[in-house]
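Notes to accompany the following structure.
The values are calculated or read from the model by the stated rules, or taken from the named source; none is laboratory data. Bear in mind the structure is a predicted one, so any value in this text is a computation, not a measurement. Cβ placement follows ideal geometry from the backbone for every residue including glycine, while neighbour counts extend to all protein chains displayed.
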Amino acid sequence: MPDRRVVLGGAFAALLAPAVARAHHGWEWAEDKTFEITGVIKSAKLGNPHGLLKIDARNGAKNGAKNEEWTVEVGQPWRNERAGLKDSMLVKGVELTIQGHRAKDPKLKVVKANRVVIKGQTYNLYPERS
């Protein structure tokens with residue numbers, strides 16, 4: 001007979017997983033107002049379901065984000081490609097500005113990008129969200 005703790009833990013995880021997925025994917029977890037941050041890429045993990053950048057926001061950050069490491073969620077590979085944004089542009093050392101929406105929880109230093117600006121060129125990941 002299986003351990004009740006294992007069975008109950010598995011049942012709880014199964015119930016919780018869809019809620020966590022809904023909260024993370026989409027826009028529910030982010031503020032409605034636009035947020036902008038400028039920084040230098042420290043690392044990039046690109047691919048599905050979306051890319052994640054770690055940036056050092058000490059270089060010209062706005063909205064109170066100075067001297068902090070932030071996580072930036074960029075688009076899925078097809079979305080980045082559609083916007084003209086190539087993986088080779090999202091590498092360590094590149095300075096960029098992110099326009100998007102930060103997490104509702106101010107303790108989380110996370111922003112979902114609508115637009116990425118590199119060397120004055122804007123890459124609009126979500127043109128439908130102007």
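For this structure, a couple of remarks:
- Among the residues of the stretch 63-86, just one is surrounded by fewer than 14 Cβ atoms within 10 Å (Cβ to Cβ), touching a Phe, Trp or Tyr at 6+ places or on another chain (Cβ under 8 Å) and modelled with pLDDT under 95, namely N63.
To keep it simple, each residue is scored yes or no on (1) within 13 Å of K109 (Cβ to Cβ); (2) modelled with pLDDT of 95 or more.
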site: A14; (1), (2): no, no
site: E28; (1), (2): no, no
site: A44; (1), (2): no, yes
site: I55; (1), (2): yes, yes
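- Within the option set Q76, Q99, being touching a Ser or Thr at 6+ places or on another chain (Cβ under 7 Å), among the polar types (S, T, N, Q) and either on the phi < 0 side of the Ramachandran plot or in the same structural domain as L52 (by TED's automatic domain parsing) (or both) holds for one residue only, Q99.
- For the stretch 95-130, the tally of residues that are under 21 Å from V40 (Cβ atoms) and outside any strand (DSSP E or B) stands at 5.
- Scanning the stretch 95-114 turns up one or more residues that are basic (K, R), farther than 14 Å from L52 by Cβ and without any contact (Cβ under 8 Å) to a residue 40 or more places away in the chain.
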